[in-house]
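I have placed the structure first, in the form of structure tokens, so that the comments after it can refer back to it.
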Ligand code: PEP
Ligand code: MN
């Protein structure tokens, strides 16, 4: 349920709605738009229905949100959410590119990669320090040491860093090193972890689960938003299908669908989406053309020697080529094109 306030409703009128809801044990989330303020109501439907909300001063109407996700829905927050990380804004305007190796392997490797990503025009650096590997015998990441190297790479280049968090208990330690907390596909429904990052002040990059529907993915985002963290960036990274020539099937349908249903920015990860470097650039182009708010791409100085995901990592030369193609596609698109579908209804 959402309460749409009249244009020009006063702060006291909004407060009146919030107080009534809270006095009945319901939770109220205020979203201030350019023209109207909206109060999202979370709690049992029948209890909300009994309240005389439409009779309160400043209330225009009460709307039932049929989707199970509320705070993540466009109805609650009609304008696009913009997530600021360093000097980059994810969600509006030009697409933002996050790039770097799958794993942080050494200080020299990540610092050199950061310089190359920056030179090619990438805005954020990625690199895993805690790796969710299918086999317990595969490289598990450098742990906190890897986070220290990421922080050094940020120091040297100014690029904010994105890395995966796998354990809620490590949150305070990780927050001291990183700029964006990534929730990996395998943890998309780890509700303890989602609640933990919901309490964080750091933006969250929420990857779609391997077999998650769009609704399940948006419900995962809802956990983070309901915890009080408004800075959620969605990431389509491919889903499991019957196809075996690619690691996953990059579901680009999800880009406009999510932009219609939700106000949250959505990125595309063509690297995990296809799993083979040969196809990464084509699908990165397609992601941008579909209106994604940016990309997250795996790159490596020497993919053959990479400790994880070498097969899908671009060489720095190929990444530079990808960046130049992306720039041309973005320039060819109307500035309003990204996310425009969501504004038609
Ligand atoms: C990664 O980004 O390296 C990763 C493990 O991604 P995903 O969770 O999408 O598989
Ligand atoms: Mn990877």
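The values are calculated or read from the model by the stated rules, or taken from the named source; none is laboratory data. Computed from a prediction, not measured in an experiment: that's the story for all the values here. With ideal geometry, Cβ positions are generated from the backbone for all residues, glycine too; neighbour counts draw on all protein chains shown.
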Worksheet item: Before we move on, is residue 307 within 16 Å of ligand 2 (Cβ to nearest atom) and assigned to a loop (DSSP other than H, G, I, E, B)?
Response: yes
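Would you pick out the residues in the stretch 316-329 that are more than 16 Å from ligand 2 (Cβ to nearest atom) and either touching a helix residue (DSSP H, G or I) at 6+ places or on another chain (Cβ under 6 Å) or closer than 21 Å to residue 208 by Cβ (or both)? Steps first, answer last, please.
Residues of the stretch 316-329 more than 16 Å from ligand 2 (Cβ to nearest atom): 316-318, 320-329.
316, 320, 322, 323, 325, 326, 329, listed by residue number.
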Worksheet item: In the stretch 88-97, is there at least one residue being within 30 Å of residue 177 (Cβ to Cβ), buried (at least 21 other Cβ atoms within 10 Å of the Cβ) and over 15 Å from the mean Cα position of the chain (by Cα)?
Response: no
Worksheet entry | Matching option when the condition is surrounded by 21 or more Cβ atoms within 10 Å (Cβ to Cβ), part of a loop (DSSP other than H, G, I, E, B) and assigned by TED's automatic domain parsing to the domain that holds residue 247, among 264, 295 | 264
Fill in: Breaking point among (1) more than 25 Å from residue 72 (Cβ to Cβ); (2) within 14 Å of ligand 1 (Cβ to nearest atom); (3) touching a helix residue (DSSP H, G or I) at 6+ places or on another chain (Cβ under 9 Å), for residue 307
(3)
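For (1) part of a loop (DSSP other than H, G, I, E, B); (2) surrounded by 18 or more Cβ atoms within 10 Å (Cβ to Cβ); (3) in the same structural domain as residue 310 (by TED's automatic domain parsing); (4) touching a helix residue (DSSP H, G or I) at 6+ places or on another chain (Cβ under 8 Å), each residue gets a yes or a no:
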position	(1), (2), (3), (4)
9	yes, yes, no, no
19	no, no, no, no
35	yes, no, no, no
38	no, yes, no, no
41	no, yes, no, yes
47	no, no, no, no
77	yes, yes, no, no
105	yes, yes, yes, no
